[in-house]
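The values are calculated or read from the model by the stated rules, or taken from the named source; none is laboratory data. Since this is a predicted model, take the numbers as computed values, not measurements. Cβ sites come from the backbone with ideal geometry, for glycine too, and all protein chains shown count toward neighbours. We work out accessible area using only protein heavy atoms, side chains counted, and drop any ligands, DNA or RNA first. Shrake-Rupley method; radii C 1.70, N 1.55, O 1.52, S 1.80 Å.
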Amino acid sequence: MTSLLKTAVILIDPMLLAIAVIYIYGFIVRLTSKTWVHQATMGFTFGIGAVLAMFTPIVFAEGIIIDMRSLLVGLSGAFFGIPGAVIAGAMGLATRFYLGGTGAASGMLGIAIAAISGPIWAYKIRGKMSKSALSYVVLGLVISSHLIAVTVLPTEMMWKLIYEIVPVLLAFNLVGAVLIGSLMSREEGLAAENIALFNAATTDPLTRLHNRRSAVAAYDAMPPPIENDHGTAMLCFDVDNFKAVNDTFGHVLGDKVLAEISTRIGKILRPSDVFSRLGGDEFLIILPSVTEEETCRIAERCRQIIAQTAIVDNGGAMSVTISIGAEWLSDRPDFLTFVARADEALYQAKKLGRNCVAFAWENTANVAQALVSKPQERIA
């Protein structure tokens, strides 16, 4: 009875560790939204669990140890994809090789099979089944395919393991997969809800750009430029005669125009640039670490990419233009002050006849003095 209790404790402890790891996952998701960080971190964490399991095993025979490492490696691959499987699997393989013994080859083969089985379930089976206990029973069975690794052991030892240990490991794999899988599914759901709430609070629903709140946060978090001739620029633009577009063609087409403009301009911006929709047809682009000349080129390119190609809808084509107000500063005032300067330049662009870029440079007493008279002459 004591021996049976000890065996149960040895096999249950890794599952309890895995449950704790799941709550670590919830914490990590709240820290960052980057999937690769989740996969790498959780792969490493499950890998630690697999390593610890091998250092507190059931010693079945000289050089042959029994533990729940393969379940942990399989779960890592099932929920954190190939990166999770590779990291946890590599840690498990290295540890089993280090421990050595008669069963080293069989143990390493079992870890490799478990590492492969997790992603197979995730990519081939999970999507075809609802998130029910049955899907996690299947996961347990798929991970249990690692038990075929006992066939590489000497025949007498193989049959002894099959009769005495394999049924117990199979049962623990099934129970562990259902329990841990259900909890993991719950954490994934909570994480998805948190991400959805965050996106709703920081993203414009139509264009998928930053909203005003997100733009302010990004601006405040920007590091200062390193180069002496670099500063920060803001481009404030809107669609020329956009009210006429809505009144003539309807708001559905108006929304399509806004979405198309955001897509086109988004493709030519740098990864570090912050593109946001402030509301209606008004947009803002924050350009960190740029020179005055680079600001001119980027602003003019944004104008051209909209003006040069008509927007097509239901076989028809409609020409749309934008007016841009640009401000570049070597220092960095508060967000509202910076936007107000760019918005004043946008007002001047409208006065110049629309479909142009107007610039309001630092220390210019009159914004109009900073404007170049002909749009086509602004960029060399």
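Leaving out ligands and nucleic acids, and using a 1.4 Å probe, what accessible area per residue does the chain come to in Å²? All intermediate terms of the calculation are to be shown ahead of the outcome.
Details: 18730 Å² over 380 residues.
Per residue, the chain has an accessible area of 49 Å².
I'd like the orientation of helix 335-351 relative to the chain: the angle between its Cα long axis and the longest Cα principal axis, in ° from 0 to 90, rounded to 10.
Rounded to the nearest ten degrees, it is 50.
Say the dipole of the chain comes from +1 at the beta carbon of Lys and Arg and -1 at that of Asp and Glu; which of Ile148, Ser76, Ile324 then lies farthest toward its positive end?
So the residue we want is Ile148.
Carbon and sulfur together cover what percent of the accessible area of segment 46-88 at a 1.4 Å probe radius?
Whole-percent figure for carbon plus sulfur exposure: 75.
What are the ³J(HN,Hα) couplings of segment 224-232, residue after residue, when phi is run through the Karplus curve with 6.51, -1.76, 1.60 and θ = phi - 60°? Round to Hz, x for glycine and proline.
Along segment 224-232, the couplings run x, x, 8, 6, 5, 8, 9, x, 10 Hz.
Counting only other residues whose beta carbon sits under 15 Å from that of Arg277, what net charge do I get with K and R as +1, D and E as -1? Numbers along the way, then the final one.
On the way: positive: Arg208, Arg212, Arg213, Lys256, Arg264; negative: Asp204, Asp238, Asp255, Glu260, Asp273, Asp281, Glu282, Asp343.
Charge balance in the 15 Å sphere: -3.
With the Cα gyration tensor of the chain in hand, give its eigenvalues times 5 under a square root as the equivalent ellipsoid semi-axes, listed largest first in whole angstrom.
Numbers: eigenvalues 761, 94, 53 Å².
With the √(5λ) rule applied to the chain, the semi-axes are 62, 22, 16 Å.
Sort out for me the Cα centre separation of segment 45-108 from segment 309-353, rounded to whole Å.
About 58 Å separates the Cα centre of segment 45-108 from the one of segment 309-353.
Of Ala114, Ala310, Ala192, which is the most mobile in a GNM of the chain whose springs link Cα atoms less than 10 angstrom apart?
Ranking Ala114, Ala310, Ala192 by mean-square fluctuation puts Ala310 first.
Give the value in nm², to one decimal: projected area of the alpha carbon convex hull of segment 24-157, averaged over all directions. Mind dumping the intermediate values first?
Values: hull surface 33.7 nm².
Averaged projected hull area, Cα only: 8.4 nm².
Which percent of the accessible area of segment 274-347 is formed by carbon and sulfur heavy atoms (probe 1.4 angstrom)?
Numbers: 1420 of 3020 Å².
Using a 1.4 Å probe with all protein chains present, segment 274-347 comes out at 47 percent carbon and sulfur.
In the structure displayed, which of Lys267/Lys350; Lys128/Lys256; Lys34/Lys128; Lys124/Lys267 lie more than 29 Å apart, Cα to Cα?
Details: Lys267/Lys350 25 Å; Lys128/Lys256 34 Å; Lys34/Lys128 26 Å; Lys124/Lys267 34 Å.
Among Lys267/Lys350; Lys128/Lys256; Lys34/Lys128; Lys124/Lys267, the Cα-Cα distance tops 29 Å for Lys128/Lys256; Lys124/Lys267.
Give the long-range amide H neighbours of Phe60: residues separated by 5 or more places, or on another chain, with amide H under 5 Å away, using H modelled in the peptide plane at 1.01 Å from N.
It is Ile65, Ile66, by chain and number.
Amide H to amide H, which residues 5 or more places from Thr321 or on other chains are under 5 Å from it, using H placed in the peptide plane?
Hits under the 5 Å cutoff: Asp240.
Carbon and sulfur: what percent of segment 167-212's accessible surface (1.4 Å probe)?
On the way: 1670 of 2350 Å².
Summing carbon and sulfur atoms, their accessible area is 71 percent of the total for segment 167-212.
Can you compute the equivalent ellipsoid semi-axes for segment 129-194, i.e. the square root of 5 times each eigenvalue of the Cα gyration tensor, sorted largest first and rounded to whole Å?
Numbers: eigenvalues 210, 18, 15 Å².
Rounded to whole Å, the semi-axes are 32, 10, 9.
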